Amino acid sequence: MKTLLKLLAVSLLTLLIALLLATALGYGYARGKLPQRDGELYLRGLAAPVQVRWDERGVPHIQAKNETDLYRALGFLHAQDRLFQMELMRRLAKGELSEILGPKLLETDKLFRTLGLRAQAEARVQSINPRHPSWPALQAYLDGINEFQETRPLPLEFEILGIRNPLPYSPEDTLAVTGYLAYSFAAALRTEPVLTYVRDRLGPDYLRIFDVDWNPLGVLSPQAQLLGQASPARPGTAGTQGQAPRLASLSDADWQTLARVGEVSQQALELAGVPMMEGSNAWAIGGQRTASGKPMLAGDPHIAFSLPAVWWEAHLSAPGFELYGHFQALSPYALLGHNSAFGWSLTMFQNDDMDLVALRSNPANSRQIWYRGQWVDLGSRQEVIEVKGAEPESLQVPQSPYGPIINAVFADTLGTSSSATPIALWWAFYDAENPILEAFYELNRADTLAKARQAASKLHVPGLNIVWANAAGDIGWWAAAKLVQRPAGVNPNFILDSTQGQADKPGYYRFADNPQEENPARGYIVSGNQQPLPRSGVPVYGYYNNPERARRLDFVLSSKRGGWTVADSQALQLDEQSGYAVRILRPLLPLLRAAAEHSQENTVEQTVLLNQLSEWDGRHEAGSIAATVFNQFVYELARAALADELGPALFNNLLRTRVIDAAMTRLVTDENSPWWDDRGTLADQETRADIVAQAWEATLAHLVKLHGKSAINHWAWSANHQLTHNHPLGQVKPLNLLFNVGPYPVSGGRELPNNLNFPIGPAPWSVHHGPSTRRVIDFAAPGQAQGINPVGQSGVLFDPHYKDQAVDYVLGRYYTMHLNADDVRKSTRSILLLQPDD
């Protein structure tokens with residue numbers, strides 16, 4: 001027996017040694033792929049040496065003697081930290097993920113091949129102005145990326161996925177990724193089918209909970225808020241909402257394919273692990289309101305969390321040019337930036353620049369559709385998708401005069417009839433000139449209002465709010481987009497009927513007609529993805545976010561009339577309150593108390609919970625139990641009221657749109673809404689009180705099942721609301737233990753200033769998107785600007801900067817974004833010299 005035990009001990013020891021040795025070898029192998037941040041490296045094409053100082057967060061401070069060398073070095077260093085992110089981004093945009101990730105990404109690739117971002121990028125490159133300085137800068141940046149890829153060890157992810165000979169990066173790749181950026185802002189694919197289904201299948205009484213009309217008073221003024229509260233039905237709007245298209249009604253098969261389009265448009269981004277643009281906060285405060293007497297700029301773009309993080313920071317310096325910028329993969333121009341003279345932040349405009357268009361097929365020839373008074377032939381684009389571990393997939397993309405037929409591929413996938421109504425995708429991205437590279441090159445150098453305005457005018461798609469300030473005392477905001485004109489009476493929230501001319505586009509409005517402000521008398525500008533109020537009076541339809549977040553920002557900014565400090569702006573970025581919860585609960589609390597009194601378990605705990613909800617101000621603090629109960633209740637209420645009419649696919653798509661928030665606030669105030677009747681029961685028609693009671697019971701049942709009745713402390717918000725930074729390979733266990741970072745319990749929440757957001761659904765909640773960086777710049781001391789990265793600068797596993805900011809981000813801390821030469825020297829941790837390779 002002793003001998004057996006000794007043999008077993010020896011075997012276990014041998015296995016342990018083997019595992020430790022394998023781990024050590026693997027770790028050593030991975031360390032060989034770490035970025036080089038000191039010593040010397042030789043780069044082809046440099047005209048002079050480039051010095052790079054790395055600070056305590058791994059941010060490179062790049063000093064070059066000319067602009068071409070600066071951008072070549074930028075590309076090399078960006079690739080050193082983020083090459084796998086670049087590879088994934090271009091593959092997603094071009095529909096090439098199945099080649100490395102296998103058949104589960106096939107539908108994603110089909111969607112993006114149908115969108116045609118690759119073909120559009122190839123055509124766009126031919127129209128670029130080669131004499132504009134943005135073009136040689138882009139080429140130098142891509143040369144730097146390609147030199148890294150050719151001469152340095154490829155990332156570990158490449159070897160895990162079998163990417164052995166990656167193609168060189170090209171301008172087409174950059175423009176395709178720009179197309180993905182534009183696509184990720186668009187909500188039409190998920191929203192328009194749901195709203196059209198409600199209008200055409202359910203009717204105008206069901207539609208009135210949705211805020212689908214232009215608000216002529218905006219959403220921030222007291223008058224606009226009172227208008228929204230006074231009448232959920234909006235008298236006078238039911239006529240435009242209730243007009244059904246004269247095209248034959250869409251069939252069940254049509255709704256099935258459209259629902260699948262919405263599902264795939266969301267799943268595409270989640271499966272690929274590539275961040276999606278969602279919302280944002282930004283404000284600029286004039287010097288008359290700040291403690292320093294100089295303007296202050298704050299911004300925190302809301303983007304899906306990922307690993308590596310969305311932004312990569314770099315400080316660029318060359319004769320006549322300096323910028324501390326936040327860069328995205330494959331873009332040489334900072335999308336966020338500042339220097340000692342000026343700075344800007346972005347929010348998503350959320351204007352509707354994408355239309356779904358129902359076409360009439362020729363009964364005698366399915367390859368023809370009715371277009372402007374005659375039958376015209378559909379075009380076709382052939383695509384071949386390489387699939388890892390499977391045969392290549394051939395795809396025919398039908399092309400109409402309005403754009404690609406978006407539902408054709410999913411009709412085939414779902415086995416529905418080929419006679420289904422063709423739905424085309426019209427998109428301003430296909431139509432507008434869109435010199436986006438020129439725009440951001442110029443914005444990176446825009447030190448005056450006039451220069452910033454000119455740069456903003458060149459941004460056509462996607463729509464962006466540019467919030468800007470300078471040290472000279474100016475603040476400004478431009479809603480940058482090419483705003484399309486539509487025929488009178490056409491509401492683009494719905495699928496348009498091509499046979500009635502609804503999809504015709506008379507032209508575009510002037511940039512001067514766009515919403516914008518410069519140095520307003522109130523002394524501040526705020527942008528929170530709310531519906532804007534253009535001074536021209538031109539309605540700008542869009543899928544705007546819940547206005548409660550913007551109202552909270554506006555309330556705080558207007559309440560403090562002077563003395564604003566950096567700390568004040570930081571506190572507002574971390575604010576965890578809005579009026580949304582109060583708007584939902586106020587009309588329902590009497591019904592909730594009645595439900596509790598008649599409950600079979602009329603317990604003290606229910607009374608305590610209802611008291612907490614009645615006293616709650618909507619603040620999503622870490623220890624709040626009311627926040628947990630409220631968010632579970634909102635889901636249960638939506639499910640009980642809406643799911644039976646919509647069915648699973650459309651209901652799930654609705655939960656992931658921006659229109660659901662306004663719908664819930666309008667629904668709860670309308671006790672006569674037909675949504676309250678449960679179609680799944682044979683009993684008498686249910687009332688609002690019945691559905692509220694049902695949702696309350698389901699809320700308590702779910703939380704008790706999740707945590708237990710006695711463990712009420714486990715109902716605290718941060719125990720149910722957590723943030724994990726997911727790497728694309730972390731979706732496969734056990735690689736999640738190696739690549740992912742988190743989970744972290746967090747406060748904040750859905751559509752609050754600290755917008756740590758999640759889709760409406762049952763607890764626990766995984767944070768999906770939120771502040772992708774937080775920046776505050778006081779132009780009295782721009783060298784002491786404050787910022788944070790949600791995870792870290794580097795995307796390279798085992799790099800010290802892979803996750804070194806993750807905990808501080810959760811705790812609401814900031815770091816200095818070093819700009820002054822002395823501060824850069826003091827913060828330097830290593831120096832890399834890039835030498836010309838003659």
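The values are calculated or read from the model by the stated rules, or taken from the named source; none is laboratory data. Everything quoted here is computed from the prediction, not taken from an experiment. Cβ placement follows ideal geometry from the backbone for every residue including glycine, while neighbour counts extend to all protein chains displayed.
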Tally, over segment 468-502, of residues that are under 27 Å from the mean Cα position of the chain (by Cα) and assigned to a loop (DSSP other than H, G, I, E, B): 9
If I ask for residues that are part of a loop (DSSP other than H, G, I, E, B), more than 24 Å from Glu576 (Cα to Cα) and either of a type in the set (Gly, Ala, Ser) or in contact with a Lys or Arg (Cβ under 6 Å, 6 or more places away or on another chain) (or both), which ones from segment 799-829 would you list? Thr828
Just one of Trp344, Trp426, Trp375 is surrounded by 22 or more Cβ atoms within 10 Å (Cβ to Cβ), modelled with pLDDT of 95 or more and over 20 Å from Trp468 (Cβ atoms); which is it? Trp426
Tell me which residues, restricted to segment 307-332, are within 20 Å of Ala456 (Cα to Cα) and touching an Asp or Glu at 6+ places or on another chain (Cβ under 9 Å). Phe321, Tyr324, Gly325, His326, Phe327
Close pairs from segment 370-383: first closer than 17 Å to Leu496 by Cβ, partner part of a strand (DSSP E or B), Cβ under 9 Å, at least 6 apart: Trp370/Ser361; Trp370/Asn362; Trp370/Val376; Tyr371/Ser400
What number goes with the only condition from (1) more than 27 Å from Ala480 (Cα to Cα); (2) within 30 Å of the chain's Cα centre (by Cα); (3) not in a loop (DSSP other than H, G, I, E, B) that Val387 does not pass? (3)
Taking into account only those residues within segment 50-97 that are out of contact with any Ser or Thr (no Cβ under 8 Å at 6 or more places or on another chain) and of a type in the set (S, T, N, Q), which is farthest from Gln149 (Cα to Cα)? Asn66
Quick check on segment 622-661: of everything there that is of a type in the set (D, E, K, R) and more than 25 Å from the chain's Cα centre (by Cα), which residue is nearest to His769 (Cα to Cα)? Glu636
For a quick check of your reading of the model, give me the residue pairs whose first member lies in segment 502-514 and is of a type in the set (D, E, K, R), whose second is surrounded by 11 or more Cβ atoms within 10 Å (Cβ to Cβ), with beta-carbon atoms closer than 6 Å and at least 6 apart or on different chains. Asp504/Pro487; Lys505/Val484; Asp513/Ser536; Asp513/Val538
Would you mention how many residues in segment 347-370 are closer than 21 Å to Ala188 by Cβ and in a strand (DSSP E or B)? 9
Within segment 175-206, the count of residues that are of a type in the set (Phe, Trp, Tyr) and either without any contact (Cβ under 8 Å) to a residue 40 or more places away in the chain or under 30 Å from Phe305 (Cβ atoms) (or both) comes to 3
Name, by its number, the condition in (1) in contact with a Phe, Trp or Tyr (Cβ under 9 Å, 6 or more places away or on another chain); (2) at pLDDT 95 or above; (3) farther than 30 Å from Leu316 by Cα that does not hold for Ala432. (2)
Qualifying position, being in contact with a strand residue (DSSP E or B) (Cβ under 8 Å, 6 or more places away or on another chain) and assigned to a strand (DSSP E or B), among Ala334, Ala284, Ala309, Ala329: Ala284
Exactly one of (1) surrounded by fewer than 22 Cβ atoms within 10 Å (Cβ to Cβ); (2) at pLDDT below 95 is unmet by Gly523. Its number? (2)
Selection within segment 30-58 - of a type in the set (A, V, I, L, M, F, W, C), assigned to a loop (DSSP other than H, G, I, E, B) and surrounded by fewer than 23 Cβ atoms within 10 Å (Cβ to Cβ): Leu34, Ala47, Ala48
Would you pick out the residues in segment 797-825 that are within 17 Å of Tyr324 (Cα to Cα) and among the basic types (Lys, Arg)? Arg825
Based on what the data block shows, is Ala701 assigned to a helix (DSSP H, G or I) and under 30 Å from Asn529 (Cβ atoms)? no
Apart from one, (1) in contact (Cβ under 8 Å) with a residue 40 or more places away in the chain; (2) assigned to a helix (DSSP H, G or I) all hold for Glu576; the odd one out is (2)
Members of segment 316-325 found to be farther than 18 Å from Asn470 by Cα and either under 25 Å from the mean Cα position of the chain (by Cα) or in a loop (DSSP other than H, G, I, E, B) (or both), listed by number: Pro319
Does segment 70-79 contain at least one residue that is at pLDDT 95 or above, of a type in the set (A, V, I, L, M, F, W, C) and not in a helix (DSSP H, G or I)? no
Residue by residue through segment 432-474, note down the ones that are in contact with an Asp or Glu (Cβ under 8 Å, 6 or more places away or on another chain), surrounded by fewer than 23 Cβ atoms within 10 Å (Cβ to Cβ) and closer than 18 Å to Phe185 by Cβ. Lys458
In contact with a His (Cβ under 8 Å, 6 or more places away or on another chain), in contact (Cβ under 8 Å) with a residue 12 or more places away in the chain and surrounded by fewer than 24 Cβ atoms within 10 Å (Cβ to Cβ): which single residue out of Phe321, Phe327 fits that description? Phe327
Would segment 150-166 turn up any residue that is more than 27 Å from Leu729 (Cα to Cα) and either outside any helix (DSSP H, G or I) or at pLDDT 95 or above (or both)? no
Just for segment 397-421: of the residues that are assigned to a loop (DSSP other than H, G, I, E, B) and at pLDDT 95 or above, which one is surrounded by the most Cβ atoms within 10 Å (Cβ to Cβ)? Tyr402
Is it true that some residue in segment 561-568 is assigned to a helix (DSSP H, G or I) and loosely packed, with under 14 Cβ neighbours inside 10 Å? yes
Per the list (1) assigned to a loop (DSSP other than H, G, I, E, B); (2) touching a residue at least 60 places away in the same chain (Cβ under 8 Å); (3) more than 23 Å from Pro764 (Cα to Cα); (4) not hydrophobic (A, V, I, L, M, F, W, C), residue check on Lys709 breaks on (3)
Scan Gly749, Gly761, Gly742, Gly787 and give me the residue that is in a strand (DSSP E or B), farther than 26 Å from His61 by Cα and in contact (Cβ under 8 Å) with a residue 12 or more places away in the chain. Gly742
Exactly one condition in (1) touching a Pro at 6+ places or on another chain (Cβ under 9 Å); (2) at pLDDT 95 or above; (3) closer than 18 Å to Asp355 by Cα is not met by Trp478; state its number. (3)
Return a yes/no flag: does segment 622-630 have any residue that is of a type in the set (A, V, I, L, M, F, W, C), touching a His at 6+ places or on another chain (Cβ under 6 Å) and either under 30 Å from Gln267 (Cβ atoms) or surrounded by 15 or more Cβ atoms within 10 Å (Cβ to Cβ) (or both). yes
Condition (residue is touching a Gly at 6+ places or on another chain (Cβ under 9 Å) and hydroxyl-bearing (Ser, Thr, Tyr)) applied to segment 127-140: is it met by at least one residue? no
